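The values are calculated or read from the model by the stated rules, or taken from the named source; none is laboratory data. This one's a predicted model, so the numbers in the text were calculated from it and none came from an experiment. So basically every Cβ, Gly included, is an ideal-geometry build from the backbone, and we count neighbours across all protein chains shown.
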Amino acid sequence: MCAAHTWGRQIQGLSCPCPSVTVDLPAMSIRIFQTDTPLADSNVLRLRDLLRAGTMTAAGEKNADVPAIVRDIIEQVQQRGDGAVVELTERIDRIKLKPSELRIGPERIRQAHLAADGEFLKLARRVTANIRQYQQHIKVQAPPDLVKDGRRLGVRYTPMDRAGIYVPGWKAIYPSTVLMTVVPAQVAGVWQIALAGPPTADGMNEMTLALAGELGIEEVYRIGGAIAIAAFALGTETIPAVQMVAGPGNAFVAEAKMQLCGRVAIDSPAGASEVLIIADETANAAHVAADMLAQAEHNPASAVLVTTWAALAAAVAREIEKQLPALPRAAAASNSLDNYSGIIVVPSLAAACDVANEFAAEHLQIITADNRSVLAQIRNAGAIFLGDDTPVPLGDYVAGPSHVLPTRGLARQYGPLSVNSFLKASSVLEYDPAALAADAADVQAFANYEGLTAHAAAVAIRLSGEPGSQTKRTTKITKNTKGTKNSGKRKRK
């Protein structure tokens with residue numbers, strides 16, 4: 001019997017030499033199709049476009065015009081500030097608040113920290129140490145200045161003054177996001193860090209508050225979704241505007257960040273969770289199925305397997321059917337598998353890499369006989385997990401890199417949230433008189449070509465010898481082998 005009928009069901013698009021075989025078994029939850037030209041295949045492109053659209057909805061939710069809804073939220077917050085925030089919170093989250101109740105006081109945060117489970121706090125401290133170590137390791141440092149013939153050219157990195165962190169928590173609770181966002185901001189040296197998350201009847205998720213207390217965050221708001229993003233970006237009477245918004249969320253959060261980008265810096269449009277797995281015949285089908293289900297349970301989410309082995313495709317589909325019923329969140333995972341996932345059989349690992357680069361998934365797993373060789377062909381991915389011993393939950397919780405990653409195919413333009421996301425660069429230029437004189441003719445020539453005569457004059461006046469045009473300058477630029485010191489800290493006024 002051929003691979004298409006291995007489990008008693010013809011796989012969509014998989015060629016079958018035995019069409020007369022008919023076995024009546026239940027339909028699987030995930031689509032499987034085979035193609036020799038994946039980037040020209042309508043099934044592959046349809047799935048890609050569906051994920052890029054950013055309109056995934058959770059089980060039981062109706063499809064919505066996400067951009068229009070978010071646009072309305074932003075306009076209301078911009079026009080009416082706190083009034084819009086409390087009205088929208090009551091309408092969307094079913095929690096009635098006064099503007100004075102939007103911020104959770106420091107004493108309430110302290111109480112949550114004191115009441116937190118001791119083992120949970122020990123776990124959080126171990127994870128925090130991992131995150132801090134990794135973020136310190138990758139923090140960008142200014143190189144020594146480039147010094148040449150009286151010119152000193154350098155770069156300076158300074159942290160954002162104020163950042164707003166969003167921690168989701170509607171369909172599921174994600175206190176780990178507090179660590180994965182706040183710690184990189186702290187390593188960067190951000191002066192003020194504000195936190196927001198969905199409200200509850202008695203305040204906010206207790207674990208989120210406990211971790212805010214653990215990390216010394218005293219500015220916490222009980223505001224959810226796109227409302228929180230808009231309030232952070234635009235500011236209200238109660239919530240001072242931030243320079244940067246960071247943190248994952250649903251389609252509405254990701255869309256709000258996209259619409260407000262420019263008014264405020266964003267980490268990336270981190271929306272509904274995704275995984276794409278490249279696997280060959282060496283992969284363990286049960287492990288691959290478990291990895292797909294680990295993402296699918298987010299609800300909504302996407303799990304895509306790209307494999308060179310048709311037998312693995314069928315085996316993984318069977319394993320999904322086997323493992324799914326045992327999950328407490330089986331209904332949520334099934335929604336993700338039915339609507340936003342698939343298994344693609346391709347002719348080669350090179351073709352699998354083409355699919356991965358086109359999808360530019362949030363999480364990319366590579367489980368093959370030569371993972372590093374496959375890695376060399378990858379250009380677009382949020383986080384890359386190499387080998388069977390490196391499942392995505394390691395990155396979700398303990399490894400050290402942030403789990404806040406671009407979705408919707410936007411790993412083509414964005415990278416993971418990190419300490420460097422909270423840093424901004426400034427170029428530093430310094431010339432001595434001889435260097436100015438040496439470059440003056442080229443500056444004036446370019447300025448005149450562009451018709452910007454005042455640019456040329458700003459250089460010429462310094463060389464003219466007219467009274468007042470020259471001050472006594474004896475500064476001599478010498479090579480600085482240590483570079484410009486940048487601690488990332490400034491004295492507060």
Going through segment 335-382 one residue at a time, which ones are of a type in the set (S, T, N, Q), surrounded by 22 or more Cβ atoms within 10 Å (Cβ to Cβ) and part of a helix (DSSP H, G or I)?
-> N335, S336
Find the residue count for segment 78-116, including only residues that are small (G, A, S) and either in contact with a helix residue (DSSP H, G or I) (Cβ under 7 Å, 6 or more places away or on another chain) or closer than 15 Å to L209 by Cβ (or both).
-> 5
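Only one residue in L215, L179 is over 17 Å from the mean Cα position of the chain (by Cα), modelled with pLDDT of 95 or more and within 23 Å of A399 (Cα to Cα). Which one?
Numbers: L179 fails: over 17 Å from the mean Cα position of the chain (by Cα).
Result of the check over L215, L179: L215.
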Considering only residues that are in a loop (DSSP other than H, G, I, E, B) and among the hydrophobic types (A, V, I, L, M, F, W, C), look in segment 389-406 and name the one that is surrounded by the fewest Cβ atoms within 10 Å (Cβ to Cβ).
-> V398
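Could you run through segment 301-334 and say how many residues are part of a helix (DSSP H, G or I) and more than 24 Å from G249 (Cα to Cα)? Steps first, answer last, please.
First, pick out the residues of segment 301-334 that are part of a helix (DSSP H, G or I): 310-326, 330-334.
From what is left, the residues that are more than 24 Å from G249 (Cα to Cα) are 310-326.
Counting residues in segment 301-334 that are part of a helix (DSSP H, G or I) and more than 24 Å from G249 (Cα to Cα) gives 17.
Select the strands (runs of 3 or more DSSP E) contained entirely in segment 130-175, then report the ones holding at least 1 residues which are free of Cβ contacts under 8 Å to residues at least 60 places away in the same chain.
Numbers: elements: 146-148, 151-159, 162-166.
Those strands (runs of 3 or more DSSP E) span 146-148.
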Residues of segment 179-190 satisfying the condition of being in a helix (DSSP H, G or I) and either out of contact with any strand residue (DSSP E or B) (no Cβ under 7 Å at 6 or more places or on another chain) or surrounded by fewer than 22 Cβ atoms within 10 Å (Cβ to Cβ) (or both) | L179, M180, V183, P184, Q186, V187
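Scan the helices (runs of 4 or more DSSP H) fully inside segment 191-300 and keep the ones with 2 or more residues being in the same structural domain as P99 (by TED's automatic domain parsing). Break it down stepwise before answering.
Numbers: elements: 206-214, 225-234, 251-260, 285-296.
Filter on segment 191-300 gives 206-214, 225-234, 251-260.
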Answer from R329, R263, R318 - the residue that is in contact with a Phe, Trp or Tyr (Cβ under 6 Å, 6 or more places away or on another chain), basic (K, R) and touching a residue at least 24 places away in the same chain (Cβ under 8 Å) = R318
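Out of E358, E297, E274, which single residue is under 18 Å from the mean Cα position of the chain (by Cα), within 30 Å of A230 (Cβ to Cβ) and charged (D, E, K, R)?
On the way: E358 fails: within 30 Å of A230 (Cβ to Cβ); E297 fails: under 18 Å from the mean Cα position of the chain (by Cα).
Of E358, E297, E274, the one residue that is under 18 Å from the mean Cα position of the chain (by Cα), within 30 Å of A230 (Cβ to Cβ) and charged (D, E, K, R) is E274.
Please go through segment 387-408 and give me each residue that is on the phi > 0 side of the Ramachandran plot and modelled with pLDDT under 95, ordered by number. Working first, answer last.
Of segment 387-408, the ones on the phi > 0 side of the Ramachandran plot are 387, 400, 408.
Of everything in segment 387-408, just one residue is on the phi > 0 side of the Ramachandran plot and modelled with pLDDT under 95, namely R408.
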Consider V253 carefully, then state whether it is β-branched (V, I, T), within 22 Å of G409 (Cβ to Cβ), under 18 Å from the mean Cα position of the chain (by Cα) and surrounded by 24 or more Cβ atoms within 10 Å (Cβ to Cβ).
-> yes
Exactly one of G387, G382, G342 is within 24 Å of T181 (Cβ to Cβ), within 24 Å of the chain's Cα centre (by Cα) and not hydrophobic (A, V, I, L, M, F, W, C), and that one is G382
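Does Q78 qualify as being surrounded by 12 or more Cβ atoms within 10 Å (Cβ to Cβ) and either aliphatic (A, V, I, L, M) or not assigned by TED's automatic domain parsing to the domain that holds L337 (or both)? Show your work before the answer.
Working: surrounded by 12 or more Cβ atoms within 10 Å (Cβ to Cβ): yes; either aliphatic (A, V, I, L, M) or not assigned by TED's automatic domain parsing to the domain that holds L337 (or both): yes.
In short, yes.
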Here are some conditions: (1) touching a residue at least 60 places away in the same chain (Cβ under 8 Å); (2) in a helix (DSSP H, G or I); (3) over 25 Å from the mean Cα position of the chain (by Cα). V86 meets all but one. Which one does it not meet?
-> (1)
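Would you pick out the residues in segment 137-157 that are under 21 Å from V190 (Cβ atoms) and either loosely packed, with under 12 Cβ neighbours inside 10 Å or out of contact with any helix residue (DSSP H, G or I) (no Cβ under 9 Å at 6 or more places or on another chain) (or both)? Lay out the reasoning, then the answer.
Our first condition is that a residue be under 21 Å from V190 (Cβ atoms); within segment 137-157, this holds for 137-142, 155-157.
Answer for segment 137-157, where residues must be under 21 Å from V190 (Cβ atoms) and either loosely packed, with under 12 Cβ neighbours inside 10 Å or out of contact with any helix residue (DSSP H, G or I) (no Cβ under 9 Å at 6 or more places or on another chain) (or both): H137, Q141, A142, V155, R156.
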Name the residue, out of L45, L102, that is modelled with pLDDT of 95 or more and either surrounded by 18 or more Cβ atoms within 10 Å (Cβ to Cβ) or within 27 Å of G216 (Cα to Cα) (or both).
-> L102
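Taking segment 304-313 on its own, how many of its residues are in contact (Cβ under 8 Å) with a residue 40 or more places away in the chain and either within 19 Å of the chain's Cα centre (by Cα) or buried (at least 24 other Cβ atoms within 10 Å of the Cβ) (or both)? Quick ask: steps written out before the conclusion?
As a first pass, look at segment 304-313 and keep what is in contact (Cβ under 8 Å) with a residue 40 or more places away in the chain: 304, 306-308, 310-311, 313.
Subsequent filtering for residues that are either within 19 Å of the chain's Cα centre (by Cα) or buried (at least 24 other Cβ atoms within 10 Å of the Cβ) (or both) retains 304, 306-307, 313.
Residues in segment 304-313 being in contact (Cβ under 8 Å) with a residue 40 or more places away in the chain and either within 19 Å of the chain's Cα centre (by Cα) or buried (at least 24 other Cβ atoms within 10 Å of the Cβ) (or both): 4 in total.
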Out of segment 344-375, which residues are touching a residue at least 60 places away in the same chain (Cβ under 8 Å) and closer than 21 Å to P393 by Cα?
-> A356, F359, A361, E362, H363, L364, Q365, I366, I367, T368
